[in-house]
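**Q** The following block contains the structure, expressed as structure tokens.
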Amino acid sequence: MSPTNTDIDVLIVGAGPTGLALGVDLARRGVDALVVERTEGLFPGSRGKGIQPRTMEVFDDLGVLDAIRAAGGGYPVGMIWQDGKQVGEHQMFDPAEATEDSPYTEPWMVPQWRTQEILFARLTELGGKVAFGREVVGITQDEDGVTVGFAAGESVRARYVVAADGGRSAVRRGLGIGMTGVTVDPHPMLVADVRLTGLDRDHWHVFPPHGETDGFMAICPLAGTRDFQIAAQFPEGTAVDLSLDGIRKVVAARSHLDADAVTEVRWASDFRPRAALADRFRDGRVFLAGDAAHVHSPAGGQGLNTSVQDAYNLGWKLGAVLTGGAPTTLLDTYEEERRPIAADMLGLSTSVHRGETRRGEATRQLGLGYRESSLTEETRTAPGQVRAGDRAPDGTLGEVRLFDAFRGPHWTLVAVEVEVPEVPETVGVVRGRAQESYGSGLFLVRPDGYVGWAADRATGLMGYLGRFGLR
Ligand SMILES: Cc1cc2nc3c(=O)[nH]c(=O)nc-3n(C[C@H](O)[C@H](O)[C@H](O)COP(=O)(O)OP(=O)(O)OC[C@H]3O[C@@H](n4cnc5c(N)ncnc54)[C@H](O)[C@@H]3O)c2cc1C
């Protein structure tokens, strides 16, 4: 389709993980949305390769979990090298056992380009579209909509725009929204996907620095591919050479491998880790999501994950307003809920980068929630372990697996040892006796898998549902 003079409900700027995840969520809700992407194809690099357990749950709901599992693998143990000898092993993550509540416990490695391919395939399957080669260069808005201008000179009018155009977001700048932050580390980093010989694929190979003049290098086999990801740190002020020759020199200088062990560079980039947060996540009809709203050090493996979860928080709200009769004020809760989470993530990523926090419980993102949100109502006299605002855990109730019941764009009422009231037919219902993590009561689970409302009895349920246009 040509976007010229076409009215679209939601224009998503950027086909990175954020834009694609939002595209999938809106497509399955029947929202008229289009993703526009500056480049001619999907991003080719591995950079955000760690998918956290909470994102695995989101991917389960979005219908891509099987493909993500098939495409990736667990993280290998770190192998520390010194002068050509293996001197020790390093466990990158605190181990965790899968439980009935939390079936995914460890990060799953999938190169970012593959995750994007999988999300793109799902988007296409659902009838969604990406228009490649469309660079957004201008944005203006009025009461009724947003006009977005492209580099080629055309423009499109949308009811809402989501800026998922990455850390340097042209949309954010165009709106004049500031981004406040600090450089986490002044040392430039190289990240490159290469083919190489001489290292096994069962370990993440770590080469500590020799002295003041170089930095560490880590070479990680990328699950599901024949590639390795090289990450290397350089002294402040170094102009990093991204060519095959440049990368060969780094590998030869910092490891026991010969330069020609590197046979091919498939993608390479350099960056200086920053932590920064947009001053606002919304301006009128435009929302910022993903790296456009927050950038982190990659050390904690949080960026892609937090970004996908921004999309997941915004998707159902846009869907409810555009197709479900919810009031537009619901959209105010996107910034209310996501900005504090992003602010906490910045602190966590910086702390992992500096070696002050291990990768473990906090980086899995299973404990995140919205207890303080204006959408959260908890009225039980003696709340149990799971409270309104918390992530709704998995488990079995009656004969039903809860994540099976939650999967899809709907709300779900979980009734434990309480009579089930009448609810609108679009709300799913699961009932049963004694559920360990939930305790007893009625739990209304939002489309994004958080408990919105919890009560001992049905009083107030219909009023709460009415806030979302559900009657
Ligand atoms: C070395 C490294 C390692 C990382 N490791 C991890 C990790 O293990 N786990 C993790 O969670 N995260 C990790 N990250 C972070 C992760 O890569 C990002 O957080 C993620 O890519 C953000 O997704 P996004 O869709 O918001 O932005 P992006 O991926 O940047 O996508 C933005 C898209 O918008 C397009 N675009 C830009 N401007 C325009 C425009 N004007 N018009 C139209 N399109 C436009 C771009 O071409 C791009 O396709 C890592 C990052 C780096 C650098």
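**Q** Grab the strands (runs of 3 or more DSSP E) fully contained in the stretch 146-233, keeping just those with 2 or more residues being under 23 Å from Arg272 (Cβ atoms), modelled with pLDDT of 95 or more and within 15 Å of the ligand (Cβ to nearest atom).
**A** Hits in the stretch 146-233: 189-196, 217-221, 228-233.
**Q** Report those strands (runs of 3 or more DSSP E) wholly inside the stretch 252-336 carrying at least 2 residues which are touching a helix residue (DSSP H, G or I) at 6+ places or on another chain (Cβ under 9 Å) and among the aromatic types (Phe, Trp, Tyr).
**A** Qualifying strands (runs of 3 or more DSSP E): 262-271.
**Q** So, one more: Condition first: more than 17 Å from Pro447 (Cα to Cα), modelled with pLDDT of 90 or more and in a strand (DSSP E or B). Can you find one or more residues in the stretch 358-368 that meet it?
**A** Looking for residues that are more than 17 Å from Pro447 (Cα to Cα), modelled with pLDDT of 90 or more and in a strand (DSSP E or B), one finds none in the stretch 358-368, hence no.
**Q** Any idea which of (1) assigned to a helix (DSSP H, G or I); (2) touching a residue at least 60 places away in the same chain (Cβ under 8 Å); (3) away from the ligand (no atom under 11 Å from the Cβ) is the one Ser102 doesn't satisfy?
**A** Result: Ser102 fails condition (1) only.
**Q** Which one is surrounded by the most Cβ atoms within 10 Å (Cβ to Cβ) among residues in the stretch 100-155 that are out of contact with any helix residue (DSSP H, G or I) (no Cβ under 8 Å at 6 or more places or on another chain) and under 26 Å from Leu402 (Cβ atoms)?
**A** Applying the filter and picking the extreme gives Asp101.
**Q** Check the stretch 20-42 and report whether any residue there is under 30 Å from His205 (Cα atoms) and either within 16 Å of the ligand (Cβ to nearest atom) or without any contact (Cβ under 8 Å) to a residue 12 or more places away in the chain (or both).
**A** Yes: one or more hits.
**Q** Hey, can you tell me all the residues within the stretch 356-371 that are surrounded by fewer than 16 Cβ atoms within 10 Å (Cβ to Cβ) and in contact (Cβ under 8 Å) with a residue 24 or more places away in the chain?
**A** Arg358, Gly360, Glu361, Gly367
**Q** I would also like to ask the following. Take the conditions outside any strand (DSSP E or B), more than 15 Å from the ligand (Cβ to nearest atom) and either hydrophobic (A, V, I, L, M, F, W, C) or crowded, with 21+ Cβ neighbours inside 10 Å (or both) and apply them to Ala67. Does it pass?
**A** Taking the combined requirement at face value, the residue satisfies it.
Residues checked against (1) in contact (Cβ under 8 Å) with a residue 24 or more places away in the chain; (2) touching an Asp or Glu at 6+ places or on another chain (Cβ under 7 Å); (3) away from the ligand (no atom under 12 Å from the Cβ); (4) closer than 18 Å to Leu22 by Cβ:
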site: Asp241; (1), (2), (3), (4): no, no, yes, no
site: Ile247; (1), (2), (3), (4): yes, no, yes, no
site: Leu257; (1), (2), (3), (4): yes, no, yes, no
site: Val265; (1), (2), (3), (4): yes, no, yes, no
site: Pro273; (1), (2), (3), (4): yes, yes, no, no
site: Arg282; (1), (2), (3), (4): yes, yes, yes, yes
site: Val308; (1), (2), (3), (4): yes, no, no, yes
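Yes or no, residue by residue, for (1) in contact with a strand residue (DSSP E or B) (Cβ under 7 Å, 6 or more places away or on another chain); (2) in contact (Cβ under 8 Å) with a residue 24 or more places away in the chain:
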{"position": "Ser374", "(1), (2)": "no, yes"}
{"position": "Glu377", "(1), (2)": "yes, yes"}
{"position": "Thr381", "(1), (2)": "no, yes"}
{"position": "Gln385", "(1), (2)": "no, yes"}
{"position": "Gly389", "(1), (2)": "yes, yes"}
{"position": "Leu397", "(1), (2)": "yes, yes"}
{"position": "Val400", "(1), (2)": "yes, yes"}
{"position": "Asp404", "(1), (2)": "no, no"}
{"position": "His410", "(1), (2)": "yes, yes"}
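The values are calculated or read from the model by the stated rules, or taken from the named source; none is laboratory data. Remember, it's a predicted structure, so these values are computed and weren't measured experimentally. As a convention, Cβ positions derive from the backbone with ideal geometry for all residues, glycine included, and neighbour counts pool all protein chains shown.
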